[in-house]
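Asks: I'd like to ask some things about the structure below.
The values are calculated or read from the model by the stated rules, or taken from the named source; none is laboratory data. Predicted model only: the values in this text are computed from it and were never measured. Glycine also receives a Cβ, built like all others from the backbone with ideal geometry; neighbour counts cover every protein chain displayed. For the accessible areas, the whole protein counts, side chains as well, though only heavy atoms, and no ligand, DNA or RNA atoms are used. Shrake-Rupley method; radii C 1.70, N 1.55, O 1.52, S 1.80 Å.
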4 protein chains.
Amino acid sequence: MTAAAPWPEGCASATCFTFDLDGEEVWRVDEEGARRPGVRSLGAYEAAVALPLILELLERHRVTATFFVPGREAERQPAAVESILAAGHEVGHHGHTHRSPASLDPDEEEDELAAGLAALARVGATPTGYRAPNWDLSERSVGLVAAAGLRYSSNLMNDIRPFLHAGTEVIELPVHWLLDDAPYFWFSGDNFERCLRSAAEAGQVIDEERAGLAALGGLAMLTFHPQLIGRPGRLPLLERLIADAVADPTVWVATAGAVAEFARREQDPAPREVVV
Amino acid sequence: MTAAAPWPEGCASATCFTFDLDGEEVWRVDEEGARRPGVRSLGAYEAAVALPLILELLERHRVTATFFVPGREAERQPAAVESILAAGHEVGHHGHTHRSPASLDPDEEEDELAAGLAALARVGATPTGYRAPNWDLSERSVGLVAAAGLRYSSNLMNDIRPFLHAGTEVIELPVHWLLDDAPYFWFSGDNFERCLRSAAEAGQVIDEERAGLAALGGLAMLTFHPQLIGRPGRLPLLERLIADAVADPTVWVATAGAVAEFARREQDPAPREVVV
Amino acid sequence: MTAAAPWPEGCASATCFTFDLDGEEVWRVDEEGARRPGVRSLGAYEAAVALPLILELLERHRVTATFFVPGREAERQPAAVESILAAGHEVGHHGHTHRSPASLDPDEEEDELAAGLAALARVGATPTGYRAPNWDLSERSVGLVAAAGLRYSSNLMNDIRPFLHAGTEVIELPVHWLLDDAPYFWFSGDNFERCLRSAAEAGQVIDEERAGLAALGGLAMLTFHPQLIGRPGRLPLLERLIADAVADPTVWVATAGAVAEFARREQDPAPREVVV
Amino acid sequence: MTAAAPWPEGCASATCFTFDLDGEEVWRVDEEGARRPGVRSLGAYEAAVALPLILELLERHRVTATFFVPGREAERQPAAVESILAAGHEVGHHGHTHRSPASLDPDEEEDELAAGLAALARVGATPTGYRAPNWDLSERSVGLVAAAGLRYSSNLMNDIRPFLHAGTEVIELPVHWLLDDAPYFWFSGDNFERCLRSAAEAGQVIDEERAGLAALGGLAMLTFHPQLIGRPGRLPLLERLIADAVADPTVWVATAGAVAEFARREQDPAPREVVV
């Protein structure tokens, strides 16, 4: 485990509120989904309803968040990305299409990275961090991220604190399924085997994990999908998670980008080789 | 999000109790299911046991509901549909066979719509609304619904309030899996991977979502399947959901058809293009 | 729904405790399972540990139960079946191999029925009732059951009270997944997607359903698998379910065979055609 | 059921804390997983974070545990295995690669056993017990384990107390999915259908089963995966399970090897033929 390191202002741990703005892209990425408006409407909910409600909630609690956006979704919903930027939040890279890098050949992966950057630039976003669709990196991904001049990756589950990707300047901000809303809430007509959990049940698991991370001085990288957490019945859970974090003086609440730069500057994070 | 709009009689939100009367059709739609009386008996429970109990419960609480019925089930159980109509409930279109429109070719989809209307007409029902099997619209569905003279669709998940399908007179009454009993209760020998939830667990999730919708002035489109909610152990949940709604003076309880016409007349719903 | 009918001794509802003694047969039925002692050990637990504990529990509460036994399991574990008979419990037919009748061709299904009867006869059992493996009847099953002289079937989910299979003397004793322990507890290395529930969670769902059935004057056909309910952590649930039923003077606790004969004699059950 | 037998020092039951140190091997065993650093990072968490935390916890409660280690993981993480040995814990055999013996041909299975022993020997471990990957024995496994001079197997679910494999000197220490953390916690992007349970929910099921085993004088073979139980939010569950066991004077807490040798020496365990 990366050695314990100080967090700012005497904080004992850190928390990021991050949102993967997949919108319709997650359904349009395959041809069949693109032809099914019923299924796609789950994603269309994001720009139409969920995002404004989440931005209002973040503003009310004065929290600055990070939104990872696929390039094609930025092209489809430029006003959504602009509203995120206008509210002062960070926008990160989340692929161009929503396809796992591990499923792409080398040329495709390079093209995806470039196309996503270009699409985000066109709506005024200059990402410094990369989160892969499905967190599913290929063995080339970190090298490509470094070559593109990005400063951090938020994709791996092998630590609870930031570390440095060996041989690069890329900081890793570790994630985990436990702090992602998808395992609890992802449900469509096509994955009917799933158990659709209540916000109360999901909140219990998330609370266990963030309490454990706080006790160990770790980073709680909360990952939400506006189409999931933005449902009327789940927004109170998001609000409670935000309010708890803000009210706790020992928790540093910051964007992913701010955490990456702090770690780089102040924590002297150990380099690690993840592709061996 | 469609702008907040007034609900009748000073109500702050609306609730529909809707039932998809799939009966045996959901099992007979494929040839293998048709030859398995054990599996089909799940659907036969509907007309034999569930429907009379649900009609009695609705009558006791003086609630008028909407039943979406596949044409072939109306042919198989005409007395069931007649008992629904005799009790003053609305009957809507739910396909002819229980096949997803997105899985049909254009001719088949058109035939399904016409055959369902004809079968419902033969038992005395004149639907004004359409709910697709599996809520799984094709890109042609809304146009066909409009051409058939139907007035509303209840299939999409991209809003929490009624909206108008652009270029048509069709009002959309949004739905969501969270307010459907199937994700909690659907269980047969063939989907054994599923987690069979208690009525208490399902009620917790449904309560979260309808409270959230009420707080935002939305429409809670509750969707039940008599073969699921009509089990003896689940009827108390249905009764509690009905009693809660009826007892709350800020909730307008109405049929889907009544909500669609109210929205059209009084809410000036924004037109939206869902197939792009 | 079959009309309400009196239960004996002024009881308002009835409960059967039934056990499907699948043992290793449920794993040996396919060739791959037969070659995997690790998987099969789940079934071997039944005769070695679960059955004696369950028989002791039933005796302590003076409850007579029904055990449905596949013929091949009776051949493999004759002493287990003999201990069931010696304790005064009913033994019913549960196929010869543990294969769904709906998956068999007509000759195979007939052979299964005859072979199961013969195997049970060799250990001294004379079944009067039939429960199909997986409750998965073919369209021929009821006719074959009638032709074999069996008096009841316990396989269908289309009612909550006994009924008569039209054109036969066969009484149906309805079942449901909600009252089966398998949806909560079935778990092997090969169905790893499942959610393994606690006894407390399963008990909550079962309690909801049996309370609902009691309120409606129905039959609670509790269905257990000794390899599941016989685990040390689940036996207290079985004991609670038994103790609750025995302590309630309005519940008639009886074997499936006794319920079938009572219904035939005293309830004038409506005939129903289940294969149309 | 194996007859009740005395446990040491007047204890009424026994508990082992065992850990399957699968690490990256469980992901690297197939070629696709090996090329996906995102997925593999779940396993890399084990040596980097989970193991040191678990070793600290065991030391604080003065519990000696058993770690089953695949040979290839020992080659990849020799320092991890050395830290386990240095802390005085037992190291057992867990295959060489993480492949089910039931899926191997005879030569492969023999090679796996030898290669695993050799790899463990190179890091200083001399296993006396064998736990198969996925507990999925072939029909040859027990014979091979006996021939390799190993003293116990911990793989089968057909009893709740130790027994002797007939015709060998190999003691079986029975296991069960209920006492394994994987059914509650295993979750990756590739088995997204699963229900991710809270530590509280998992603890409830585990508590039910170990209470039942204690009441029957059985052996609670708790099986953990450091990549699962070692998450910050789950370590408090592990600590509670350890603290409960240690605080209960009627529970004998021991390594698997110690339980096997005690059973052999003092319990005169009944021989049983598991492959028939």
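Asks: Return the only residue of D:Gly230, D:Gly212, D:Gly257, D:Gly203 being more than 14 Å from chain C (Cβ to nearest Cβ) and either out of contact with any strand residue (DSSP E or B) (no Cβ under 6 Å at 6 or more places or on another chain) or open to solvent by 20 Å² or more (accessible area, probe 1.4 Å) (or both). Step through it out loud before you land on a result.
Replies: On the way: D:Gly212 fails: more than 14 Å from chain C (Cβ to nearest Cβ); D:Gly257 fails: either out of contact with any strand residue (DSSP E or B) (no Cβ under 6 Å at 6 or more places or on another chain) or open to solvent by 20 Å² or more (accessible area, probe 1.4 Å) (or both); D:Gly203 fails: more than 14 Å from chain C (Cβ to nearest Cβ).
Result: D:Gly230 is the single residue among D:Gly230, D:Gly212, D:Gly257, D:Gly203 that is more than 14 Å from chain C (Cβ to nearest Cβ) and either out of contact with any strand residue (DSSP E or B) (no Cβ under 6 Å at 6 or more places or on another chain) or open to solvent by 20 Å² or more (accessible area, probe 1.4 Å) (or both).
Asks: Shifting gears a bit: When the range C:16-32 is examined, which residues are found to be touching a Phe, Trp or Tyr at 6+ places or on another chain (Cβ under 7 Å) and either of a type in the set (Ser, Thr, Tyr) or not in a loop (DSSP other than H, G, I, E, B) (or both)? Before the answer, list the steps.
Replies: At the first step, the residues of the range C:16-32 found to be touching a Phe, Trp or Tyr at 6+ places or on another chain (Cβ under 7 Å) are C:18-21.
Listed by number, the residues that qualify are C:Thr18, C:Phe19, C:Asp20.
Asks: Out of the residues in the range B:136-150 that are within 10 Å of chain A (Cβ to nearest Cβ) and either crowded, with 24+ Cβ neighbours inside 10 Å or among the small types (Gly, Ala, Ser) (or both), which is farthest from A:Glu31 (Cα to Cα)?
Replies: B:Val142
Asks: Does C:Thr126 satisfy the condition of being farther than 23 Å from C:Arg264 by Cβ and open to solvent by 10 Å² or more (accessible area, probe 1.4 Å)? Before the answer, list the steps.
Replies: Working: farther than 23 Å from C:Arg264 by Cβ: no; open to solvent by 10 Å² or more (accessible area, probe 1.4 Å): yes.
Considered against the rule, which asks whether it is farther than 23 Å from C:Arg264 by Cβ and open to solvent by 10 Å² or more (accessible area, probe 1.4 Å), C:Thr126 comes out as no.
Asks: Which of (1) under 30 Å from B:Leu238 (Cα atoms); (2) in contact (Cβ under 8 Å) with a residue 60 or more places away in the chain; (3) not basic (Lys, Arg) is the odd one out, the single condition B:Val69 does not satisfy?
Replies: (2)
Asks: Looking at (1) open to solvent by 30 Å² or more (accessible area, probe 1.4 Å); (2) in contact with a Gly (Cβ under 8 Å, 6 or more places away or on another chain); (3) within 13 Å of chain A (Cβ to nearest Cβ), which is the only condition D:Glu82 fails?
Replies: (3)
Asks: May I ask you to verify whether D:Ser41 is of a type in the set (Ser, Thr, Tyr), within 14 Å of chain A (Cβ to nearest Cβ), open to solvent by 10 Å² or more (accessible area, probe 1.4 Å) and in contact with a Leu (Cβ under 9 Å, 6 or more places away or on another chain)?
Replies: Values: of a type in the set (Ser, Thr, Tyr): yes; within 14 Å of chain A (Cβ to nearest Cβ): yes; open to solvent by 10 Å² or more (accessible area, probe 1.4 Å): no; in contact with a Leu (Cβ under 9 Å, 6 or more places away or on another chain): yes.
For D:Ser41, the condition - of a type in the set (Ser, Thr, Tyr), within 14 Å of chain A (Cβ to nearest Cβ), open to solvent by 10 Å² or more (accessible area, probe 1.4 Å) and in contact with a Leu (Cβ under 9 Å, 6 or more places away or on another chain) - is not met.
Asks: Out of the residues in the range C:170-199 that are open to solvent by 20 Å² or more (accessible area, probe 1.4 Å) and in contact (Cβ under 8 Å) with a residue 40 or more places away in the chain, which is nearest to the other protein chains (Cβ to nearest Cβ)?
Replies: Top of the filtered list is C:Gly189.
Asks: Condition (residue is modelled with pLDDT under 95 and over 26 Å from C:Arg272 (Cβ atoms)) applied to the range B:14-34: is it met by at least one residue?
Replies: Among the residues of the range B:14-34, not one is modelled with pLDDT under 95 and over 26 Å from C:Arg272 (Cβ atoms), which makes the answer no.
Asks: Within the range A:49-61, restricting attention to residues that are within 8 Å of another protein chain (Cβ to nearest Cβ) and open to solvent by less than 30 Å² (accessible area, probe 1.4 Å), which residue is farthest from B:Val274 (Cα to Cα)? Full working, then the answer.
Replies: Taking the range A:49-61 and keeping what is within 8 Å of another protein chain (Cβ to nearest Cβ), we get A:49, A:52-53.
Checking the rest, the ones that are also open to solvent by less than 30 Å² (accessible area, probe 1.4 Å) come to A:49, A:53.
Values: A:Val49: 14, A:Leu53: 21 Å.
Residue satisfying both the conditions and the ranking: A:Leu53.
Asks: Separate question: What is the residue count in the range B:33-84 for residues that are of a type in the set (Ser, Thr, Tyr), more than 19 Å from the chain's Cα centre (by Cα) and outside any helix (DSSP H, G or I)?
Replies: Here is the first cut: in the range B:33-84, the ones of a type in the set (Ser, Thr, Tyr) are B:41, B:45, B:64, B:66, B:83.
When the remaining residues are screened for being more than 19 Å from the chain's Cα centre (by Cα), the result is B:41.
With outside any helix (DSSP H, G or I) added as a condition, the list becomes none.
The number of residues fulfilling the criteria is 0.
Asks: Okay, next question. Would you mention how many residues in the range D:151-169 are more than 7 Å from every other protein chain (Cβ to nearest Cβ), assigned to a loop (DSSP other than H, G, I, E, B), more than 27 Å from D:Trp27 (Cα to Cα) and open to solvent by less than 10 Å² (accessible area, probe 1.4 Å)?
Replies: Going residue by residue through the range D:151-169, those that are more than 7 Å from every other protein chain (Cβ to nearest Cβ) are D:151-154, D:161-169.
Still in the running and assigned to a loop (DSSP other than H, G, I, E, B): D:151, D:154, D:161-162, D:166-169.
In the following step, the residues that additionally are more than 27 Å from D:Trp27 (Cα to Cα) were identified as D:151, D:161-162, D:166-169.
Next, only the ones that are open to solvent by less than 10 Å² (accessible area, probe 1.4 Å) stay: D:162.
Qualifying residue count, the range D:151-169: 1.
Asks: Moving to a separate point now. Modelled with pLDDT of 95 or more, crowded, with 24+ Cβ neighbours inside 10 Å and among the basic types (Lys, Arg): does that describe A:Arg99? Step through it out loud before you land on a result.
Replies: Working: modelled with pLDDT of 95 or more: yes; crowded, with 24+ Cβ neighbours inside 10 Å: no; among the basic types (Lys, Arg): yes.
So A:Arg99 does not fit the description; no.
Asks: Picking from B:Glu25, B:Glu46, which residue would you name as being open to solvent by less than 10 Å² (accessible area, probe 1.4 Å) and over 15 Å from B:Asp181 (Cα atoms)? First the steps, then the outcome.
Replies: Numbers: B:Glu46 fails: over 15 Å from B:Asp181 (Cα atoms).
After ruling out the rest, the residue left standing is B:Glu25.
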